[in-house]
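The values are calculated or read from the model by the stated rules, or taken from the named source; none is laboratory data. Note that the structure is a prediction, hence the values are computed from the model and not measured. Virtual Cβ from ideal backbone geometry, glycine too; neighbours counted across all protein chains shown. Remember, those area values only see protein heavy atoms, side chains included, never the ligands or the DNA or RNA. Shrake-Rupley method; radii C 1.70, N 1.55, O 1.52, S 1.80 Å.
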Amino acid sequence: MATTSTFLLQLQSLLAQFSYDLTRLQSDPAAVEKFATLNSDAVQASLAQLRAYGDTDCAAATSTSTTIAG
């Protein structure tokens, strides 16, 4: 969680520099390089672990509901 949290905070800061405009960010080679640096193998592993946890442990259980006619 710490790795993902740090990444998201740094990503938010980077995006804010470009007013959250991905086109502007992508047109700046330094910003693209910074994103590539932020998006490290450790970050990718952390995100993969969170996805796996969500898919396995937090998957929405099938629920049923009962309607009571009044």
Practice problem: State all residues of the range 6-31 that are surrounded by fewer than 13 Cβ atoms within 10 Å (Cβ to Cβ) and among the β-branched types (V, I, T); if no residue qualifies, say none. | Solution: T23
Quiz prompt | Filtered residues of the range 2-39 (kept if in contact (Cβ under 8 Å) with a residue 24 or more places away in the chain and under 23 Å from G54 (Cβ atoms)) | solution = T3, T4, F7, Q10, L11, L38, N39
Quiz item: When the range 32-44 is examined, which residues are found to be more than 13 Å from L15 (Cα to Cα), open to solvent by less than 50 Å² (accessible area, probe 1.4 Å) and either touching a Gly at 6+ places or on another chain (Cβ under 8 Å) or in a helix (DSSP H, G or I) (or both)?
Solution: V43
